[in-house]
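Notes to accompany the following structure.
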Amino acid sequence: MSETTAAAPHGAPQDNGAAPPLLEVSDLHVEFHTRDGVATVLNGVDYHVRAGETLAVLGESGSGKSVTANTVMGILPMPPAKITGGAIRYRGEELLTATEERRRELRGENVAMIFQDALSALNPVFTVGFQIGEQLRTRRGMSKRDARNRAVELLDMVGIPGAKQRVTNFPHEFSGGMRQRVMIAMSLALDPDVLIADEPTTALDVTVQAQIMDLLADIQREREMGLILITHDLGVVAEVADRIAVMYAGRIVEQADVHQLYAKPCHPYTEALLASIPRLDSKGTELQAITGLPPTLTRIPSGCPFHPRCPRAADRCTEIDPPLTALPGGRASACLFAEEMAAR
Amino acid sequence: MTQNSTTEPILEVDGVVKHFPVKAGAVVKRTVGHVKAVDGVSFTLNKGETLGIVGESGCGKSTLAQVLMRLEPPTAGAVRFRGEDIFGKRGAELKALRRQMQIVLQDPYTSLNPRMTVGDIIGEPFEIHPEVAPKGDRQRKVQELLDVVGLNPDFVNRYPHQFSGGQRQRIGIARALALRPEIIICDEPVSALDVSIQAQVMNLLGNLQREFGLSYVFIAHDLSVVRHLSDRVGVMYLGKMVELGTEDEIYTRAAHPYTQALLSAVPVPDPSVREGRSRIRLVGDVPSPVDPPSGCRFRTRCWKATEICSTDEPELKVRSGGGAHQSACHHAHAENLLPG
């Protein structure tokens, strides 16, 4: 047991000795101090992303996937949030203890983020050209004209027709999909090597979603970026991810290669999620719903946080909180039955 | 769900049109155009069946729901409930009709009054229709309804904020069930819910249909959800129904290019098919419903479009194969777009 858990503090097991991770989150703990008490929002999150890799962070609302991303970006509102432990390393450099000045340097330049709701993430009173160019002027010392020209290039790259004319438009003059393209253009302005996309297509229609996911995948391939895709959509994950980290109640409960995860989930939560979704290619009668509700974060159950909803739960699950433990094949699961599930 | 459906029509929708005027001018408002939200939609809902309506935002599916519920007057067209025109009804007749048709809305956070207890929310229909439940009997009826939708009957005095999203949607469903309607119009009932909760609510809707012989008009943008619950499916684009058929016809033999594009864009939760899947990627955005394209409304984004598409508007009719599979495309050709 001790041998297998040794890998856990540094998160996901290092598979086949590939390049060191660009960005690594380890054992991250975050609390929110609320009127109802202390909510344990992150309870030891471990993940990493390498260059040219897409890591999908999959979870339902309240699982902590966005809070992790916001902590990485250093945009968590503190208070009410409080980072109570863990580390975030970018190319080996510790971010949580870095100065605010250093973090600002890294933000955008090295690690950039795009958000779900592009309309509220963009400033309504400035043209998109101004907003994309702003970073280039302040951080790269570009002239107004050069920044504008670069903004046109970026808009063109993300597939906005007539970029030269559209650069003077305001955010409300774009459709939802086009606005998300503007956000992507903005996030790429300083050539980051890690891009965090927080539910980038959730607000979009399915045909537009497909366009945006294709665009993100192309950009990621071309630039060899590390892409962290935060989503709740099991379909989107299956189409684009290389690796998946499944979150539940503030921690990673399973981490695996995309093909492994869908073929043989090794955590009961992942297994139940996959069984509960309606399929496009078949018309079932009854869906296998997961009973109950996700835990309230101010009162996370003892032992494994999933045990009240888990079909496999045994008595010891109420006492032992299993750590994320390495399994054969470079994957990991936080379940007492993980080895049993892996051996099926 | 199919086992209960019949071919006895309960709701006939005939050429429903809903245009919203676009006004301009600061002092004197004048109408400068119309948003053609729904522009001639016809279908029949049979007793005990679920008719799914899919389409992207702005296609008019929610406006259609509002018109069917008589929350918005139609610009043209007729809707008949058991053969009687619903738009002609007034007073007591209208009130009686309202008992038969209820709606479940998308957002369980804003569709419940935060100042009312759950008991009052679910019991409110009884205030309006006291003949359904005499006063002394209401509390018991409300508790029965809570039980039917899988909530603890003791929660009757709680407020909406004390419930999770999935539980609130159950409250919304209980309210819709209160008057024992024949038809429930579900407008995106599960799209605001988390994956693990969505399945619970979908199962509940399926069970209630079997138990009470309900007919559903199930409006959603998620094609997998619609397939799971529907017997027949209609696909809407820019205010028009472009394809209508059985669930199997629409999903495995889609004939309209828009349906095909929709199906091929849905991400499939199976990474083993992601390489080999045929994909149709539409370019551009949906045109404005104020000034839709001439002829076929989809032609500006369609890879099959030819001369005729810009001049002649294709009619929704049976094109090929057999049965009642209708599509509105000059170049309709059935294809299976699903992976595997």
Review point. Restricting attention to segment B:189-205, and to residues there that are assigned to a helix (DSSP H, G or I) and facing chain A (nearest Cβ under 7 Å), which single residue is farthest from B:G165 (Cα to Cα)?
Key: B:N203
**Study point:** Candidates A:G59, A:G159, A:G74, A:G129, filtered to the one that is free of Cβ contacts under 8 Å to residues at least 60 places away in the same chain and within 14 Å of chain B (Cβ to nearest Cβ)
**Key:** A:G159
Exercise for review: Output the residues belonging to segment B:237-288 that are more than 10 Å from every other protein chain (Cβ to nearest Cβ), crowded, with 16+ Cβ neighbours inside 10 Å and either in a loop (DSSP other than H, G, I, E, B) or over 17 Å from the mean Cα position of the chain (by Cα) (or both).
Suggested key: B:L238, B:G239, B:E249, B:R253, B:A254, B:A255, B:H256, B:P257, B:Q260, B:P287
Point to revise | Meets criteria (within 14 Å of chain A (Cβ to nearest Cβ), outside any strand (DSSP E or B) and surrounded by 16 or more Cβ atoms within 10 Å (Cβ to Cβ)) for B:P292 | key: no
Review point. Out of (1) outside any strand (DSSP E or B); (2) surrounded by fewer than 21 Cβ atoms within 10 Å (Cβ to Cβ); (3) at pLDDT 85 or above, the odd one out for A:V72 is which?
Key: (2)
Revision key, fill the gap. When B:D285 is run through (1) in contact with a Gly (Cβ under 9 Å, 6 or more places away or on another chain); (2) within 18 Å of B:M236 (Cα to Cα); (3) modelled with pLDDT of 85 or more, the failure sits at (3)
Point to revise | Neighbours by Cβ (under 6 Å, 6+ apart or cross-chain): first from segment B:39-59, of a type in the set (K, R); second surrounded by 24 or more Cβ atoms within 10 Å (Cβ to Cβ) | key: B:K47/B:S215
Point to revise | Pick from segment B:206-224, criterion within 11 Å of chain A (Cβ to nearest Cβ) and part of a helix (DSSP H, G or I), ranking: surrounded by the most Cβ atoms within 10 Å (Cβ to Cβ) | key: B:L223
Revision key, fill the gap. Conditions (1) surrounded by fewer than 24 Cβ atoms within 10 Å (Cβ to Cβ); (2) more than 9 Å from chain B (Cβ to nearest Cβ); (3) touching a residue at least 12 places away in the same chain (Cβ under 8 Å); (4) not in a loop (DSSP other than H, G, I, E, B) -> A:M213 fails only (2)
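Mind listing just one residue for me: the one in segment B:17-66 that is assigned to a loop (DSSP other than H, G, I, E, B) and at pLDDT 85 or above and, of those, surrounded by the fewest Cβ atoms within 10 Å (Cβ to Cβ)?
As a first pass, look at segment B:17-66 and keep what is assigned to a loop (DSSP other than H, G, I, E, B): B:25-29, B:47-49, B:55-60.
Now drop any that are not at pLDDT 85 or above, which leaves B:47-49, B:55-56, B:59-60.
Values: B:K47: 18, B:G48: 23, B:E49: 24, B:G55: 26, B:E56: 21, B:C59: 26, B:G60: 25.
Once the filter is applied, the top-ranked residue is B:K47.
Mind checking which helices (runs of 4 or more DSSP H) fall wholly inside segment A:86-160 and carry at least 3 residues that are modelled with pLDDT of 85 or more and not charged (D, E, K, R)?
Working: elements: A:100-109, A:118-121, A:128-140, A:144-157.
Counting at least 3 such residues, we get A:128-140, A:144-157.
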Point to revise | A:R179 touching a residue at least 60 places away in the same chain (Cβ under 8 Å) and not aromatic (F, W, Y) | key: yes
Practice item. For segment B:316-335, indicate whether the set of residues that are within 13 Å of chain A (Cβ to nearest Cβ) and surrounded by fewer than 19 Cβ atoms within 10 Å (Cβ to Cβ) is non-empty. Key: no
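Looking at A:C317, is it away from chain B (no Cβ under 11 Å), free of Cβ contacts under 8 Å to residues at least 40 places away in the same chain and either buried (at least 20 other Cβ atoms within 10 Å of the Cβ) or farther than 22 Å from A:G62 by Cα (or both)?
Details: away from chain B (no Cβ under 11 Å): yes; free of Cβ contacts under 8 Å to residues at least 40 places away in the same chain: yes; either buried (at least 20 other Cβ atoms within 10 Å of the Cβ) or farther than 22 Å from A:G62 by Cα (or both): yes.
Here the answer is yes, as A:C317 does meet what is asked.
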**Study point:** Flag if B:D231 is over 30 Å from A:V240 (Cα atoms) and either within 9 Å of chain A (Cβ to nearest Cβ) or touching a helix residue (DSSP H, G or I) at 6+ places or on another chain (Cβ under 7 Å) (or both)
**Key:** yes
Practice item. Select from segment A:314-344 the residues that are within 21 Å of A:I290 (Cβ to Cβ), part of a loop (DSSP other than H, G, I, E, B) and out of contact with any Pro (no Cβ under 8 Å at 6 or more places or on another chain) and list them in ascending order. Key: A:A314, A:P322, A:L324, A:R344
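This table checks each residue for (1) part of a loop (DSSP other than H, G, I, E, B); (2) within 14 Å of chain A (Cβ to nearest Cβ).
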site: B:E127; (1), (2): no, no
site: B:A133; (1), (2): yes, no
site: B:G136; (1), (2): no, no
site: B:R168; (1), (2): no, yes
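Could you identify the single residue in A:T168, A:T202 that is touching a helix residue (DSSP H, G or I) at 6+ places or on another chain (Cβ under 7 Å) and part of a loop (DSSP other than H, G, I, E, B)?
On the way: A:T202 fails: touching a helix residue (DSSP H, G or I) at 6+ places or on another chain (Cβ under 7 Å).
Result: A:T168 is the single residue among A:T168, A:T202 that is touching a helix residue (DSSP H, G or I) at 6+ places or on another chain (Cβ under 7 Å) and part of a loop (DSSP other than H, G, I, E, B).
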Practice item. Quickly run through segment A:256-270 and pick out the residues that are in a helix (DSSP H, G or I), hydrophobic (A, V, I, L, M, F, W, C) and more than 7 Å from chain B (Cβ to nearest Cβ). Key: A:L261, A:A263
Exercise for review: May I ask you to list the residues in segment A:107-125 that are out of contact with any strand residue (DSSP E or B) (no Cβ under 6 Å at 6 or more places or on another chain), of a type in the set (A, V, I, L, M, F, W, C) and surrounded by 13 or more Cβ atoms within 10 Å (Cβ to Cβ)?
Suggested key: A:A118, A:L119, A:A121, A:L122
Review point. Do you know which of the residues in segment A:315-344 that are under 26 Å from the mean Cα position of the chain (by Cα) and among the charged types (D, E, K, R) is nearest to A:D257 (Cα to Cα)?
Key: A:R331
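Of the residues A:L280, A:L273, only one is touching a strand residue (DSSP E or B) at 6+ places or on another chain (Cβ under 8 Å), under 22 Å from B:V273 (Cα atoms) and at the interface with chain B (Cβ under 9 Å from one of its Cβ atoms); which? Let's see the steps before the verdict.
Numbers: A:L280 fails: touching a strand residue (DSSP E or B) at 6+ places or on another chain (Cβ under 8 Å).
After applying the criteria, what remains is A:L273.
The values are calculated or read from the model by the stated rules, or taken from the named source; none is laboratory data. On a predicted model such as this, the values are computed, not experimentally measured, just so you know. Every residue, glycine among them, receives a Cβ derived from its backbone with ideal geometry; neighbour counts consider all protein chains shown.
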